[in-house]
Amino acid sequence: MKIQQISLFVENKPGHIAAPARLLAQEGVDIRALYLADTQQYGILRMIVSDCQKAAGILELHGFVAKVTEVLAVEVPDHPGGLADVVGALEGTGINIEYMYAFPCRRGDKAILIFRFADPDAAIAHMQTAGINLLESNELLNL
Amino acid sequence: MNSILETGVTDCHPASLPDYVPVSELRELQLIRLQAVVTRAWRRVKLFRSRMTERGLAPEDIRSLEDIAKLPFTQKSDLRDTYPFGLFASPMKDVVRLHASSGTTGKPIVVAYTKEDVEVWTSVVVRCLAGCGLNRGDIVQIAYGYGLFTGGLGAHYGAEGLGAAVVPTSGGNADRQIMLMKDFGVTAMCCTPTYFLHLIERAAELGVDMKELSLKAGVFGAEPWSESLRQHIERASGIEAFDIYGLSEIIGPGVGCECRRHQGLHIFEDHFYPEIVDPATGTPLPDGDEGELVLTTLSKQAIPMIRYRTRDITALLPGTCDCGRTLRRIGRIGRRSDDMLIIRGVNVFPSQVESALLEIEGVLPHYQILLTRQQGLDQMEVQIEVTSQMFNDKIGALQRLHEKLQGALDHVLGIRVRVALVEAHSLERSQGKAKRVIDRRTL
């Protein structure tokens with residue numbers, strides 16, 4: 001159920017995304033989704049890649065500070081109110097969404113959102129009870 | 001050697017016996033040697049003789065150890081001004097070695113050794129390493145720079161003199177250093193503390209756990225480092241870290257070193273006479289008071305150094321060490337009187353920045369201080385590399401860390417500084433001494 005995501009600390013300066021992107025390209029690691037959270041000074045580059053452990057290894061070997069975290073890939077009906085239904089399932093549970101972003105590929109007529117929760121197991125339980133579909137890693141990467 | 005047996009010391013290395021000489025005998029020896037070295041310098045070094053004459057002093061005026069306070073100071077500029085050989089007390093035919101400082105500004109300073117000087121140097125480094133619990137059978141890797149810098153060769157001769165197996169890697173090439181530490185089963189490392197930090201960091205990246213290696217001791221010197229840094233190194237690498245002190249002008253590494261009690265650094269007083277003076281006035285200070293360390297070489301032939309102003313700030317520790325050595329101790333050098341920065345009128349020492357960073361749990365990053373002047377006002381920026389322990393993939397957590405660092409620095413320094421979080425490995429790494437301050441202030 002849980003998807004591995006790699007996060008990277010980058011300074012907010014021209015050219016600072018190029019080096020890690022080039023390294024991953026050289027090693028044949030494909031970036032499937034990417035989200036940059038930034039402040040004026042620095043940012044966090046979050047990526048879902050074809051081989052997360054390999055990517056983390058390469059980046060660390062080259063001196064980057066990378067962290068592998070677990071996120072959930074959630075199927076969301078692609079019509080008005082689709083997102084509201086999904087997050088509504090968590091209302092009143094005390095489960096907090098730390099951040100979220102959209103996965104660029106669709107699955108049939110469904111959109112896919114990536115969620116990061118402080119307590120992913122509790123989130124999985126509540127979503128499954130509400131009939132929300134969560135994607136396995138291989139399903140997501142084969143889209 | 002009866003007197004040593006009387007001290008009840010049983011487990012010391014034979015080379016360490018002079019460390020336990022009764023104080024009265026040590027003081028007698030120091031006075032005899034002081035009188036001899038003053039006479040030698042007076043006869044052979046023009047600068048010293050003229051300074052003595054100016055004060056109406058002759059070597060015979062030194063009748064007790066207290067009389068040392070009458071003698072003129074020597075400072076680094078004297079070595080520069082007499083470049084290259086002006087302070088030599090031995091003819092070149094008696095000199096067997098020349099070293100020089102790295103000389104970042106202008107001419108370097110030159111130091112020289114006779115055969116006997118090299119023997120004394122070796123013997124004190126042997127005593128340092130023996131005091132750290134090292135012995136024949138140990139494998140000692142020396143990652144101080146070899147060459148004109150005294151660190152590499154000084155440690156090398158001492159480790160060899162001890163009978164240890166020496167791996168003379170010199171500085172640089174961290175990956176190879178780590179490979180040899182692992183493959184050779186190196187038991188002790190000699191280098192600067194910041195270089196060892198770099199090795200710890202690099203080993204982690206290469207997937208080598210320092211704690212799994214045979215490494216048991218590190219003898220670190222050539223730059224001031226804090227107690228918190230020691231704790232960090234010991235925790236991260238599982239070794240016992242020792243502080244060794246020395247300076248080329250006096251002899252090189254081996255002027256003093258910690259023993260396994262880690263209660264200050266024993267000065268090898270039979271060769272180097274320590275005093276503490278007020279850095280502003282030059283007045284001698286009593287034991288326990290913090291001031292500038294002044295050293296006189298008691299046995300050096302090629303360049304006798306009389307009352308050399310080290311610029312290192314420390315204190316002579318009162319009382320004796322539990323190890324039984326009679327040698328006096330200095331506190332660890334936290335700062336130098338000349339690395340003080342004046343920022344908007346406030347005195348700031350780089351070591352304060354280090355201790356502020358260390359106060360924050362889990363944070364011992366590489367850092368650099370950048371000084372600039374904007375519209376006539378000094379600006380201080382502390383650039384801190386984000387390590388994997390500090391990194392969190394939530395912006396809010398990074399911002400909280402940023403604020404925490406900012407708060408700790410403002411609190412310790414008493415001035416507002418700008419804190420910048422920068423990428424790992426983006427600051428220049430030290431192969432030798434750390435470059436902590438970049439001053440771009442122009443008038």
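Every read-out reported here was derived from the displayed coordinates using simple, explicitly stated rules and does not represent laboratory data. The structure displayed is predicted, hence computed values, not measured ones. Methodologically, a virtual Cβ is constructed for each residue, glycine included, from the backbone with ideal geometry; neighbour enumeration extends over all protein chains shown.
Run the helix sum for chain B: -39,500 (n - 2.57) per DSSP H stretch of 4+ residues, divided by residue count, reported at 222 nm to the nearest 500 deg cm²/dmol. Calculated mean residue ellipticity at 222 nm is -9500 deg cm²/dmol.
Pairs over the 21 Å Cα-Cα cut-off, from the set B:Lys46/B:Lys93; A:Lys2/A:Lys67; B:Lys404/B:Lys435; B:Lys216/B:Lys435: B:Lys404/B:Lys435; B:Lys216/B:Lys435.
Kirkwood's formula applied to the C-alpha pairs of the range B:342-430 gives a hydrodynamic radius of 13.6 angstrom. Only one residue of A:Val68, A:Ala55, A:Gly108 has its Cα farthest out toward the positive end of the dipole of the range A:1-113, where Lys and Arg carry +1 and Asp and Glu -1 on Cβ, and that residue is A:Ala55. Per residue of peptide B:421-427, the mean number of Cβ atoms on other chains within 10 Å of the residue Cβ is 5. Modelled spin labels at B:Ser426 and A:Lys54, positioned 7 Å past Cα toward Cβ, are 2.9 nm from each other. Which whole-angstrom value gives the distance between the alpha carbon centres of the range A:30-61 and the range B:256-312? A separation of 53 Å, based on Cα centres. For the range B:334-380, the list of GluC sites (Glu not before Pro) that fall in a loop by DSSP and count at most 11 other C-beta atoms within 10 angstrom reads B:Glu361. Note down the relative contact order for the range B:341-439 as a percent, whole number, built from C-alpha pairs under 8 angstrom at least six residues apart. Relative contact order of the range B:341-439: 34 percent.
At an R0 of 41 angstrom, the distance between the Cβ atoms of B:Met340 and A:Glu98 translates into a FRET efficiency of 0.40.
For the segment B:383-394, counting C-beta atoms of other chains within 10 Å of every residue's C-beta and taking the mean gives 5.
Note on chain A: GNM, Cα springs under 10 Å; of A:Leu83, A:Leu113, A:Leu34, the largest mean-square fluctuation is that of A:Leu83. Can you tell me the relative contact order of chain A? Whole percent, Cα pairs under 8 Å, sequence separation 6 or more. This gives 27 percent for chain A.
Placing +1 on the Cβ of every Lys and Arg and -1 on the Cβ of every Asp and Glu, with nothing else charged, gives chain A a dipole about its Cα centre of roughly 380 debye. Against the empirical 2.2 N^0.38 Å (N residues), the range A:71-141 has a Cα radius of gyration ratio of 1.02. Stretched out straight at 0.36 nm per residue, the stretch from B:Tyr83 to B:Phe184 would grow longer than its current Cα-Cα span by 32.1 nm.
For chain A, the spread of Cα coordinates along the three principal axes comes to 43, 32, 27 Å, biggest extent given first. Over all pairs of different C-alpha atoms in the range B:7-64, the reciprocal of the mean inverse distance, the Kirkwood hydrodynamic radius, equals 13.7 Å. Taking other C-beta atoms within 10 angstrom as a stand-in for reagent exposure, B:Tyr113, B:Tyr83 fall in the order B:Tyr83, B:Tyr113, fewest first.
Over the protein assembly as shown, the ratio between the Cα radius of gyration and 2.2 N^0.38 Å evaluates to 1.20. Entry note, chain B: relative contact order of 13 percent, from Cα contacts under 8 Å with a spacing of 6+ residues. At q = 0.13, 0.15 Å⁻¹, what base-10 log of I(q)/I(0) does the Debye formula yield for the range B:1-337 when every alpha carbon is treated as an equal point scatterer in vacuo? The Cα Debye sum returns log10 ratios of -0.98, -1.29. In terms of its C-alpha gyration tensor, the range B:107-178 has an oblate overall shape, because the principal axis ratio a/c (a ≥ b ≥ c, square roots of the eigenvalues) is not below 1.5 and a/b does not outweigh b/c.
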